[in-house]
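Novice: Have a look at this one before I ask anything.
The values are calculated or read from the model by the stated rules, or taken from the named source; none is laboratory data. From a predicted model like this one, the values you see are computed outputs, not experimental measurements. Neighbour counts are summed over all protein chains in view; Cβ atoms, including those assigned to glycine, are modelled from backbone coordinates with ideal geometry.
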Amino acid sequence: MRPTDLALLRTPGVPTVSPDGRMAVVSVTRPDLGSDEYRGQLWAVPADGSAPARPVTSGHRDTAPAFSPDGRWLAFLSAEPGGRPQIWLLPTAGGEPRRLTDHHLGAGAPVWAPDSRRLAYVARVPEHGRYGTVAGVDPAAEPPRLITTLQYRLDGVGFLADRRSQVFVLDLPADFTDDTAPLPEPVQVTTGDADCEDVTWRPDGAELAFVSARHPRADRDLVRDVHVIAPDGSGLRRVTDSRGDCSLPAWAGGELVVTAVPDLGPEGLDFVARQAVPCRVGSGGELVPLLDPEEHQRGDETPATVVTDGAVLVGVERRGSVELLSVPLDGSAPTALVDGPFTVRGFAAGGGVVVAVVAHDRSAGELVALTPGRRRLLTSFGRALGETGRVHRMQERTAAAPDGHPVHGWVTTPPGPGPHPVLLTIHGGPFAQYGWTLFDETQTYVSAGYAVVQCNPRGSSGYGAAHGRAIEGAWGGLDADDVLAFLDAALEDPALDAERVGVMGGSYGGYLTALLIGRTTRFAAAVVERAFTDPVSFVGSSDIGWYFPDRYLGTDPARIGAQSALAAAHGITTPTLVIHSEEDWRTPVEQGARLYVELKRRDVPSELLLFPGEGHELSRSGRPRHRLARFEHVLRWWARWLPTTENPAGVHEPAPAESSAAADGHPPAARAAQPLTVRAGRAG
């Protein structure tokens, strides 16, 4: 990939399947560099493969489709340019879609009642006078916020107490064809100072289940329970036992099934490598796992609990893959519906057909129909990108750590014999995984002439809970050993240039990058992005700081100091590009800024690249032009310290006669995005 190939990325969302199993509908989104927004259309895909996929909507950004149980309607979210998503309704027999909601902060994904006449969803309800609810009031002139809780903000959302998410129920219009008649008003079903999520209907339509944290210690633990409530707001009660982290409830007849971390310990904070699995909700509210949580972990990219034919469908991480399992509710052995070198991103079932979105190292996702004894590929959304010839295959490898532990990962190399300069990339988390999917970063760096080395060291997910807990209280130990051992093994390949190696990572990967360059001078340069650098200040500045460092790094000052990347930063001499987002509340900007200042004061060649208006997810879902600018700056940095034929030194540098904005170091393709670049030191 080239940076501008971002515009060719096509990413399917979670599909919906018609009740008769004949048709799937899925949203396909793409970055639009021209408008600097994401565009999305709904595509209809015959489940038998009898016809090619075709677009059925033409909105600016259409997502989250849902067939009604009677098959007559398709509800979905649509957002106008610069606007918030609202619920729209489209008759499947033909006709124009109609907007049903007008929430100030937007509506969540629609969920059908069994009678096909009502929809449920969640939406954030802003406090009067905030978030533009009063015309002409400057946000800077709003009253002060009085904070009295630990959990008061969330990266990518913002402050929470003055815009809680609540459950709503909406009746369909009595006469859909009369677009002059007033629409029914949504009914707010829940109230209170707690977010509500993951709403679903009981099969008889008499109650709604949703997830919320409403117990007395809710501000001081990570427990979330399933609650039920009648559609008129009466009869609220909790149905799980306040010991686990519940999500995504679904009904199997009269029984509830949830995806949950079954037990977070006596304080509700034992989260390290605690794995989420499908669970039955027992008669006393206890969570009964259907898979072993020591072995299995639900993939974060499969946001659904689907029950069909007496089994629950779940995506499970395994050695870089996300498999699709059918897990019988009676406790018998699960069956793999999709396994191998793939990542299942979403799925739905209807009429005896399961349709899954399956990604691999050449596509961000394609629809596959699964019927007994057969898998049928239905789409080719990745074709345009693949036809560029700039998509490269991953090569799976395993190396031995110093203690003999097998480290699993991949090497992706450019065409030609090499030797190619190498970029060691380190994933975030740490309880996350690299794997079998099209990763735009790897593809972009390989197209620029670099061999990319990436692995899942101890601390990663996908290899069981014990593998994830191995670094608890000891960051920078086994994980650093694993990463370097995998790199050394990869460098034995003559196609890789062992004398020209860079290192980069984001979040926890940024932490480990900063830690490694504080210990060794073997790397030609580094990129430290949205990094967790100082556990001490992280406690008071991050949205998860009140619990995350204590559980992962411990509370003993000496042990914390030994694991701190910033504490060892005085030894860094490696040229370092620090990248951060100004509105990152997961790893706040001070984490990156303090590292940059430490390097600048000692004249280490370094730059600080700041992105306004972005949070922690910049590289994955930030504004398209900011994502483009980020790639251009990263390639400019590597061209400076590890030039290649495809990414030569000086090609990204501005000409002397260009404007002052260009003279600040913005590469031509990135100038419209205008991140702030601060430089220090010299190139020598």
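Novice: Checking Glu255 against (1) modelled with pLDDT of 95 or more; (2) over 24 Å from the mean Cα position of the chain (by Cα); (3) among the charged types (D, E, K, R), which test does it fail?
Specialist: Every listed condition holds for Glu255 apart from (1).
Novice: Could you look through segment 584-636, keep only residues that are within 24 Å of the chain's Cα centre (by Cα) and among the aliphatic types (A, V, I, L, M), and pick out the one that is farthest from Gly34 (Cα to Cα)? Spell out how you get there, then give the answer.
Specialist: Within segment 584-636, the first condition is being within 24 Å of the chain's Cα centre (by Cα), and the residues that meet it are 584-592, 609-635.
So of that shortlist, the ones also among the aliphatic types (A, V, I, L, M) come out as 589, 609-610, 618, 628-629, 634-635.
Working: Val589: 28, Leu609: 23, Leu610: 22, Leu618: 18, Leu628: 11, Ala629: 13, Val634: 21, Leu635: 21 Å.
Selected residue: Val589.
Novice: Based on this model, can you work out whether Arg224 counts as within 28 Å of Ile544 (Cα to Cα), in contact with a Cys (Cβ under 6 Å, 6 or more places away or on another chain) and not aromatic (Phe, Trp, Tyr)?
Specialist: On the way: within 28 Å of Ile544 (Cα to Cα): yes; in contact with a Cys (Cβ under 6 Å, 6 or more places away or on another chain): yes; not aromatic (Phe, Trp, Tyr): yes.
So Arg224 passes the test.
Novice: Kindly list the number of the only condition in (1) at pLDDT 95 or above; (2) among the polar types (S, T, N, Q); (3) outside any strand (DSSP E or B) that fails for Ser332.
Specialist: All conditions are met except number (1).
Novice: Looking for something free of Cβ contacts under 8 Å to residues at least 12 places away in the same chain, over 24 Å from Leu487 (Cβ atoms) and either part of a helix (DSSP H, G or I) or in contact with a Phe, Trp or Tyr (Cβ under 6 Å, 6 or more places away or on another chain) (or both) - is there at least one such residue anywhere in segment 558-568?
Specialist: yes
Novice: Could I ask something else about it? If Val137 satisfies every condition in (1) under 30 Å from Ser68 (Cβ atoms); (2) surrounded by fewer than 16 Cβ atoms within 10 Å (Cβ to Cβ) but one, which is the exception?
Specialist: (1)
Novice: Also, I was wondering about something else. Given (1) assigned to a helix (DSSP H, G or I); (2) in contact with a His (Cβ under 9 Å, 6 or more places away or on another chain); (3) within 27 Å of Asp543 (Cβ to Cβ), where does Arg630 come up short, assuming only one miss?
Specialist: Among (1) assigned to a helix (DSSP H, G or I); (2) in contact with a His (Cβ under 9 Å, 6 or more places away or on another chain); (3) within 27 Å of Asp543 (Cβ to Cβ), the lone unmet condition for Arg630 is (2).
Novice: If you go through segment 84-96 one residue at a time, how many are within 23 Å of Asp32 (Cβ to Cβ), part of a strand (DSSP E or B) and not hydrophobic (A, V, I, L, M, F, W, C)?
Specialist: Looking only at that region, the number is 1.
Novice: Still on this structure, I have one more. Step by step: first the residues of segment 597-611, then only those that are surrounded by fewer than 24 Cβ atoms within 10 Å (Cβ to Cβ) and in contact with a Leu (Cβ under 6 Å, 6 or more places away or on another chain), then the one that is farthest from Arg530 (Cα to Cα). Which residue is that?
Specialist: For segment 597-611, the residue satisfying everything is Glu607.
Novice: Asp5: crowded, with 16+ Cβ neighbours inside 10 Å and either modelled with pLDDT of 95 or more or among the small types (Gly, Ala, Ser) (or both), yes or no? Walk me through it before giving the result.
Specialist: Numbers: crowded, with 16+ Cβ neighbours inside 10 Å: yes; either modelled with pLDDT of 95 or more or among the small types (Gly, Ala, Ser) (or both): yes.
Against the criterion (crowded, with 16+ Cβ neighbours inside 10 Å and either modelled with pLDDT of 95 or more or among the small types (Gly, Ala, Ser) (or both)), Asp5 qualifies.
Each row is one residue, and each column tells you yes or no for (1) free of Cβ contacts under 8 Å to residues at least 60 places away in the same chain; (2) within 23 Å of the chain's Cα centre (by Cα).
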{"position": "Val288", "(1), (2)": "yes, no"}
{"position": "Leu291", "(1), (2)": "yes, no"}
{"position": "Pro303", "(1), (2)": "no, yes"}
{"position": "Glu317", "(1), (2)": "no, yes"}
{"position": "Leu337", "(1), (2)": "yes, no"}
{"position": "Arg390", "(1), (2)": "no, no"}
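Novice: Just to check your reading of the model, which residue among Arg280, Arg298 is more than 21 Å from Val407 (Cα to Cα), touching a Leu at 6+ places or on another chain (Cβ under 7 Å) and of a type outside the set (A, V, I, L, M, F, W, C)?
Specialist: Details: Arg298 fails: touching a Leu at 6+ places or on another chain (Cβ under 7 Å).
None of the others qualify; the one that does is Arg280.
Novice: I would also like to ask the following. Scan segment 510-519 and give yes if some residue there is crowded, with 24+ Cβ neighbours inside 10 Å, in contact with a strand residue (DSSP E or B) (Cβ under 9 Å, 6 or more places away or on another chain) and among the small types (Gly, Ala, Ser), otherwise no.
Specialist: yes
Novice: Can you tell me how many residues in segment 295-343 are among the basic types (Lys, Arg) and surrounded by 19 or more Cβ atoms within 10 Å (Cβ to Cβ)?
Specialist: Quick first cut of segment 295-343, residues among the basic types (Lys, Arg) only: 298, 318-319.
Imposing the further condition that a residue be surrounded by 19 or more Cβ atoms within 10 Å (Cβ to Cβ) reduces the set to 298, 318.
Residues flagged as among the basic types (Lys, Arg) and surrounded by 19 or more Cβ atoms within 10 Å (Cβ to Cβ) within segment 295-343 amount to 2.
Novice: Return yes when Ala304 is at pLDDT 95 or above and small (Gly, Ala, Ser) and no when it is not.
Specialist: Values: at pLDDT 95 or above: no; small (Gly, Ala, Ser): yes.
No; evaluated as a whole, the condition is false for this residue.
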